[in-house]
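Some notes on the structure that comes next.
Just so it is clear, none of the values below were taken in a lab; they were calculated from the coordinates. Just so you know, these numbers come straight off a predicted model, no measurement behind them. With ideal geometry, Cβ positions are generated from the backbone for all residues, glycine too; neighbour counts draw on all protein chains shown.
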Amino acid sequence: MIKPGSLEATSLVLALALAACSSQDAPPDAAEATESAVSPSAPAAEPSVPEASAAPGPARDSADVLRLEGLDDLRIGKAVPEGSTWAERGAQTGDACRVVSSPDHPGVYAITANGIVRRITVGKRSTVKLVEGIGVGASETDVRKWFAGFREEPHKYEAPPAKYLTAPNAARSDSALRFEIGQDGKVALIHVGTMPELGLVEGCA
């Protein structure tokens, strides 16, 4: 038994104190290793965010875009191009006014007068659209967003809200747009061309 105040007791107290200090101060290397295991020094990779895709719509150089100038190689005010796929098919109703179509553009036909293309019509089987992205099946509301000021006329064969919407410049015999809106409020036909063919309601009739 060690007596209090003796040399041995004093040495034992000092030894215990040194041991306690050593246990509280962990080596720097060990502390760093522990910290690295819990929270790595390299920042976590941020989740990738996909870039916003462009709004859907036809490309301006696409052959399936209807413009005031025409469609593909068919041009308003020009003859049907020689060697193209546009040709007369089926019965024709007159000599001066003829209808041509192309297997490359199902649902589309064109009216020619004395050999010159006067109107191109896009129908329900077609995927052709205007540069603005308007095609058959678009709503009248969408049409009016892009084409304000079009003249409205009642449809010849269908009850309202079916109607015709015609560009104001059509009266000047410029190449112009004309929409036929069905009773469902959606685009049934799109025409591009010059008067009077632009206003015909039954092909060449």
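Overview of results
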quantity: Segment 65-199, relative contact order in percent, only Cα pairs under 8 angstrom and at least six apart counted; calculated: 21 percent
quantity: Cross-link partners of K156 among lysines (Cα-Cα below 28 Å; sequence separation of 8 or more within a chain); calculated: K124, K129, K145, K186
quantity: For T85, T141, order by how many other beta-carbon atoms lie within 10 Å, fewest first; calculated: T141, T85
quantity: Charge context of P154, other residues only, Cβ under 15 angstrom, K/R +1, D/E -1; calculated: -1
quantity: Distance from segment 142-205 to segment 70-132 (C-alpha centre basis), Å; calculated: 18 Å
